[in-house]
1. Can you tell me which residue in region 67-87 is farthest from Lys51 (Cα to Cα), limited to those that are in contact (Cβ under 8 Å) with a residue 24 or more places away in the chain, outside any strand (DSSP E or B) and open to solvent by 40 Å² or more (accessible area, probe 1.4 Å)?
2. Residues that are outside any loop (DSSP other than H, G, I, E, B), acidic (Asp, Glu) and surrounded by 14 or more Cβ atoms within 10 Å (Cβ to Cβ): does region 148-164 have at least one?
3. Report the residue count in region 88-98 for those that are assigned to a strand (DSSP E or B) and not β-branched (Val, Ile, Thr).
4. Would you please name the residue that is modelled with the lowest pLDDT, looking only at residues in region 101-140 that are open to solvent by less than 60 Å² (accessible area, probe 1.4 Å), under 12 Å from the mean Cα position of the chain (by Cα) and not aromatic (Phe, Trp, Tyr)?
5. Taking into account only those residues within region 105-122 that are touching a strand residue (DSSP E or B) at 6+ places or on another chain (Cβ under 7 Å) and not in a strand (DSSP E or B), which is farthest from Ala158 (Cα to Cα)?
6. Is one or more of the residues making up region 151-167 within 13 Å of the chain's Cα centre (by Cα) and without any contact (Cβ under 8 Å) to a residue 40 or more places away in the chain?
7. Is it fair to say Pro167 is over 16 Å from Pro63 (Cα atoms), open to solvent by 20 Å² or more (accessible area, probe 1.4 Å) and touching a Lys or Arg at 6+ places or on another chain (Cβ under 7 Å)?
8. Of the numbered conditions (1) at negative phi; (2) in contact with a Ser or Thr (Cβ under 9 Å, 6 or more places away or on another chain), Thr89 satisfies every one except a single condition; which is it?
Amino acid sequence: MNNVNRFFPLLAGGAVLILLSGCAETRQELWSDVSSLKEDLTVWKKTKNYKGIKYPSSDKVVPTFQDQQVPVSCRVFAHLLVHIPEGFTGKTLAQTVEAEAMARGADMLLIGETRQAQDDQGPVFSYYGPAQPYTCRDHWSGWKFAYEEWVNQGEWIAMGYDEWGNPKARFHAPLVIQAAFLRCPK
């Protein structure tokens, strides 16, 4: 029994070392994924001119604020930040963004977060890829594009169904809005 009591701490210590060495490898693998994230997401540099796939214009676009509401068939073909000037109403904002989406052939518009812009340069549409359209339901990874520009913006602004398209909602500061254009085959 005495030999078992001496062997148990050695066995437990060995198990801990094995487990910790596995964690270190996992942490290194995770770190390499994070460090390569920027290169994976930068599919083309910011451009004010859309240079993705050319689709015929659409006559209607459906706005949504949650990726879970996007139909399975929809494919994301444009990531963008939208700069809106000070003084726009929810109605003029929606008309401006939806007109751009329809001109590019979008059937659906996924709207992310909104922040107060650092400067009043709008309306400007800054595009950030993707290189190829992808299915939103299977491959959407969130609002990771344009992080360098996004992180330097101002206060968070409430933007949802109550504000979008509402002529009574007035924005007294310039805005920057995350958006994605989607094409949804029937």
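1. Initially, region 67-87 is screened for residues in contact (Cβ under 8 Å) with a residue 24 or more places away in the chain, giving 67, 70-87.
Going one step further and asking which of them are outside any strand (DSSP E or B), we end up with 67, 70-74, 85-87.
Filter again for open to solvent by 40 Å² or more (accessible area, probe 1.4 Å), leaving 67, 71-73, 86.
Working: Asp67: 24, Pro71: 25, Val72: 25, Ser73: 23, Glu86: 27 Å.
Of everything passing the filter in region 67-87, Glu86 is farthest from Lys51 (Cα to Cα).
2. Looking only at region 148-164, we keep the residues that are outside any loop (DSSP other than H, G, I, E, B), and these are 148-150, 156-157.
If we keep only those that are acidic (Asp, Glu) as well, we get 148-149.
Applying the additional criterion that residues be surrounded by 14 or more Cβ atoms within 10 Å (Cβ to Cβ) yields 149.
Within region 148-164 (the criterion being outside any loop (DSSP other than H, G, I, E, B), acidic (Asp, Glu) and surrounded by 14 or more Cβ atoms within 10 Å (Cβ to Cβ)), the answer is yes, since at least one residue qualifies.
3. Here is the first cut: in region 88-98, the ones assigned to a strand (DSSP E or B) are 89.
The next check asks that each one be not β-branched (Val, Ile, Thr); those that pass are none.
Total meeting the criteria: 0.
4. Step by step, filter region 101-140, then rank; the result is Gly129.
5. The first filter runs over region 105-122 and keeps only residues touching a strand residue (DSSP E or B) at 6+ places or on another chain (Cβ under 7 Å), leaving 105-117, 121-122.
Okay, now just the ones that are also not in a strand (DSSP E or B), so 105-107, 117, 121-122.
Numbers: Gly105: 27, Ala106: 24, Asp107: 24, Ala117: 13, Gln121: 20, Gly122: 18 Å.
The qualifying residue farthest from Ala158 (Cα to Cα) is Gly105.
6. Let us first name the residues in region 151-167 that are within 13 Å of the chain's Cα centre (by Cα), namely 151.
Filter once more, keeping what is without any contact (Cβ under 8 Å) to a residue 40 or more places away in the chain: 151.
The answer is yes, given that some residue of region 151-167 is within 13 Å of the chain's Cα centre (by Cα) and without any contact (Cβ under 8 Å) to a residue 40 or more places away in the chain.
7. Details: over 16 Å from Pro63 (Cα atoms): yes; open to solvent by 20 Å² or more (accessible area, probe 1.4 Å): yes; touching a Lys or Arg at 6+ places or on another chain (Cβ under 7 Å): yes.
Yes; evaluated as a whole, the condition is true for this residue.
8. (2)
The values are calculated or read from the model by the stated rules, or taken from the named source; none is laboratory data. Owing to the predicted nature of the structure, the values given are computational and were not obtained by experimental measurement. All Cβ positions, glycine included, derive from the backbone under ideal geometry; neighbour counts span all protein chains shown. Calculation scope for accessible area: heavy atoms of the full protein, side chains included, ligands and nucleic acids excluded. Shrake-Rupley method; radii C 1.70, N 1.55, O 1.52, S 1.80 Å.
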